[in-house]
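The values are calculated or read from the model by the stated rules, or taken from the named source; none is laboratory data. Bear in mind that the values here come from a model prediction, so they are computed numbers and not experimental data. Don't worry about glycine lacking a Cβ; one is built from the backbone with ideal geometry, like all the others, and counts go over all protein chains shown.
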2 protein chains.
Amino acid sequence: MKRINLHRAKNQIARLNTIRDINRQIVLNYVRDRSPISRAEIARQTDLHRSTVSVIVDELVGDGSIEEIGSGVSTGGRKPTMYKLRSGEPAAIAIDLTPRTTTIALADLAGNFLEKEVFSTSPDIEFMSSQILERVKKLTKCSGNEGVEIGFSVPGLVDQRLGEIYHVPYFDWRNWNICAEIEAATGSKVTVENDANATALAELWFGHEKVRKTDTFLMILVGEGIGTGIVFDGQVYRGEKGAGGEFGHMIAGDNAPVDCSCGSRECWEAYASEKALLARYRALLAGDSMKQGSVEVSDLVELAMNGEKHAAEALNETMHYLANGISNLIVGLSPQVVVVSGRVTRAWDLIEAQMARVAERSVLAGLPPTILMPSSLGDSPTLIGAVGLVLARKFGAPAF
Amino acid sequence: MKRINLHRAKNQIARLNTIRDINRQIVLNYVRDRSPISRAEIARQTDLHRSTVSVIVDELVGDGSIEEIGSGVSTGGRKPTMYKLRSGEPAAIAIDLTPRTTTIALADLAGNFLEKEVFSTSPDIEFMSSQILERVKKLTKCSGNEGVEIGFSVPGLVDQRLGEIYHVPYFDWRNWNICAEIEAATGSKVTVENDANATALAELWFGHEKVRKTDTFLMILVGEGIGTGIVFDGQVYRGEKGAGGEFGHMIAGDNAPVDCSCGSRECWEAYASEKALLARYRALLAGDSMKQGSVEVSDLVELAMNGEKHAAEALNETMHYLANGISNLIVGLSPQVVVVSGRVTRAWDLIEAQMARVAERSVLAGLPPTILMPSSLGDSPTLIGAVGLVLARKFGAPAF
DNA sequence: AATAGTTTGTCGGTACACACAACAAACTTA
DNA sequence: TAAGTTTGTTGTGTGTACCGACAAACTATT
């Protein structure tokens, strides 16, 4: 039961077209989720009348959201006409900025990528601005610019509503105004979001079936730091100024192997991130008086899985702390599912073993068990998240 | 942007009366929040047309939700007719079960108590069931039973939707089926909720203006244990099986002064609850070779405020851990406001001092500041929460 | 091959609810 | 007393969903 926010009432009152807005979104989501599907089937599943569904489907075909794909099989009567989301046509531009690479891609309504450009991320904010602007302008033009919106995932603090990027810790960029520039240059709406929240959004709209059938789950993104995304009632929890879900800075002890990005040595992220993992491995190697310059996280995980002693120990200890933190969040938020994303999930067995250790705590506390699973989104969840930012606007519930 | 849950679509489609349902709730909430208020003023603030508001107000007066209270002052034209919530008439029965006492009260739509009965809580579950049933039946009868619903706050795990009480740790009651019994006996809907969540709900609907103007805040209930309630987007976050917000069992160290209710010595609640406070005080007294049997929490807080050394030290240390935990939640959830409830809030200055110490952490992490405040609900927030359970159904947004 | 039954999709009628505009009532100010 | 303002009501038009009837398309049975 939700309290009505009177300060926003002017956007909330129901007008004559509100009925249609709501039902159109519901029908659109049925086509997205259950395609191929017929008008009659949608009517049965929604309890809308066949004639109503028919009018809405005509409208959706008319505006290019969905398309006919021939007849289905008869069940003893007239064959139904089937529909699915219109695919192959540009619907979204996704910008995914990570500390190493930046990807700009064109996607259709179904989330398929039609074009993709990757380039190295530079610490030079001016250079990055011009690079992004130029490539986005190019893609906008070649897409025909018809209702194509833009989604932008950034590893930092953003205000989604104002479209402002406050701080990108990795490069110490502050108050980066790129979104307004893109909007001015292309005329398209830009939606910006923190990378962890974008990943949570990606899981919500494109994740594993178990996740998509849930509307309350957590996403733990293990990378350079640790990001957490909270999805509650089908919405990404943002908190004030989009800073919600920064559990990476939760206190986990007082002698972490590395400094946190915030300077502290107490944060969870300083115990359980890739940075902590690498530091532990280097310390073990140094203790063994064998020096080996730099190691990649993927290689380290590979080594550990092949039984290399130091790598295995470093990974094990790091996952111990990761599991402790996850356990805290499970106890505190009691989600139906926890999704872990990042390169360390290749060693999933190890994480599961560490989780089993702490899982009993929630059982002791009498709480229901939580499903823990690795992300099924592959190597670029934040890019998919950037697409999700646009599609969530297209498919999400009307403001009401 | 919220994802539409297709599994519940049959309840979500908009019908013809959906417009009216939505707008009726909005108008009702305006009368609740801004009374005395006229039809014309509601129309101005909502952007609904005067004629529409007029029809809805007639409807609300007709069903006894609001009532006329004479004319307002003219601003150069005809005097407006003012309305307010109908008060003085029974609208909700609140049941508030705490480890020591159980309160059953009759309240009106505005949340005023019309009648109140208090009796000692007994560990005998059968006795409690019959006591509650009998008194509720009596109140139902004398209220005329016209649309009066029942709210029930319990210190334990509940499933709000099924109306089941899984576990009350303090008495180790399990699977208590009292809600169904009450419903069967009275014919009135019973809404049951965990005490921390009920308190959060109370803050949401009856709290300080700063809280009511927010739709994202945390409630920390310090009592025998520590309960946390999370309000996000005007809704209480429940998590799976209503277990959301049990951050009391978050790991805060490994040598707490007492065992947690779950058996662990690592939980936050074992560091920062009233139980921990009392244990620390007793330990200090024993160390001083002065024995003093049992102390009440209220007395201990009083002593500490008057400068008694041991009490002050025990309270200070406990508040240190309380502040640490709150800080974790602030960093993780970035709420606009944190409300602290419980007897220790009488020593608010001390809590604030401890909070100031950890507050810098969120500033370092670049996060926006959070307002911390004591509850303004007085001595029985859970009773008000129990009323809130009913009123949230009456005033909340329609399911849609 | 004809007929009966089923399913799909369409069309016109009805009901509901909001917006709008015109108007009457009630009040203030000059 | 007259002009201006605000409130609240009433009648009309429009958007949208539901309903029932019907045609089209198909399957199954005789």
| message | Of all residues being part of a strand (DSSP E or B) and surrounded by 19 or more Cβ atoms within 10 Å (Cβ to Cβ) in region B:83-96, which is nearest to DNA strand D (Cβ to nearest atom)? Just the residue, please. | response | B:Tyr83
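Just for region A:13-29: of the residues that are within 12 Å of DNA strand C (Cβ to nearest atom) and surrounded by fewer than 20 Cβ atoms within 10 Å (Cβ to Cβ), which one is farthest from the chain's Cα centre (by Cα)?
Of the residues in region A:13-29, the ones within 12 Å of DNA strand C (Cβ to nearest atom) are A:13-19.
Right, trim to surrounded by fewer than 20 Cβ atoms within 10 Å (Cβ to Cβ) and you get A:13, A:15-17, A:19.
Values: A:Ile13: 31, A:Arg15: 33, A:Leu16: 34, A:Asn17: 31, A:Ile19: 30 Å.
Residue satisfying both the conditions and the ranking: A:Leu16.
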| What's the number of the condition A:Ser65 fails, among (1) closer than 30 Å to A:Trp173 by Cβ; (2) in contact (Cβ under 8 Å) with a residue 24 or more places away in the chain? | (1)
| Top-ranked residue of region A:65-82 - restricted to ones that are under 13 Å from A:Ala40 (Cα atoms) and surrounded by 17 or more Cβ atoms within 10 Å (Cβ to Cβ), ranked as farthest from DNA strand D (Cβ to nearest atom) | A:Met82
| note | Scanning region B:149-163 residue by residue, those more than 19 Å from B:Ala202 (Cβ to Cβ) and either surrounded by fewer than 21 Cβ atoms within 10 Å (Cβ to Cβ) or of a type in the set (D, E, K, R) (or both) turn out to be B:Asp159, B:Arg161, B:Leu162, B:Gly163
| said: I want to confirm something. Restricting to region A:13-39 and keeping residues that are within 11 Å of DNA strand D (Cβ to nearest atom) and among the hydrophobic types (A, V, I, L, M, F, W, C), which single residue is farthest from A:Lys213 (Cα to Cα)? | reply: A:Leu16
| said: Please verify whether B:Met128 is in contact with a strand residue (DSSP E or B) (Cβ under 9 Å, 6 or more places away or on another chain), within 16 Å of DNA strand D (Cβ to nearest atom) and modelled with pLDDT of 95 or more, treating the condition exactly as stated. | reply: no
| The one condition in (1) more than 10 Å from DNA strand D (Cβ to nearest atom); (2) within 10 Å of chain A (Cβ to nearest Cβ) that B:Gly62 fails to fulfil | (2)
| request: For residues that are basic (Lys, Arg) and more than 8 Å from DNA strand C (Cβ to nearest atom), scanning just region A:43-101, find the one that is farthest from A:Glu146 (Cα to Cα). | output: A:Arg100
| query | Quick one: which of A:Ile371, A:Ile384 is within 14 Å of chain B (Cβ to nearest Cβ), β-branched (Val, Ile, Thr) and in contact (Cβ under 8 Å) with a residue 60 or more places away in the chain? | reply | A:Ile371
| query | Taking B:Arg8, is it assigned to a helix (DSSP H, G or I), more than 9 Å from chain A (Cβ to nearest Cβ) and more than 18 Å from A:Arg3 (Cα to Cα)? | reply | yes
| said: Go through (1) at pLDDT 90 or above; (2) more than 8 Å from chain A (Cβ to nearest Cβ) for B:Asp288 and report which single condition fails. | reply: (1)
| query | Which ones in region B:17-31 are of a type in the set (A, V, I, L, M) and at the interface with chain A (Cβ under 7 Å from one of its Cβ atoms)? | reply | B:Ile19, B:Ile22, B:Ile26
| request: Provide a single number: the residues in region B:12-36 that are under 16 Å from A:His7 (Cα atoms) and outside any helix (DSSP H, G or I). | output: 1
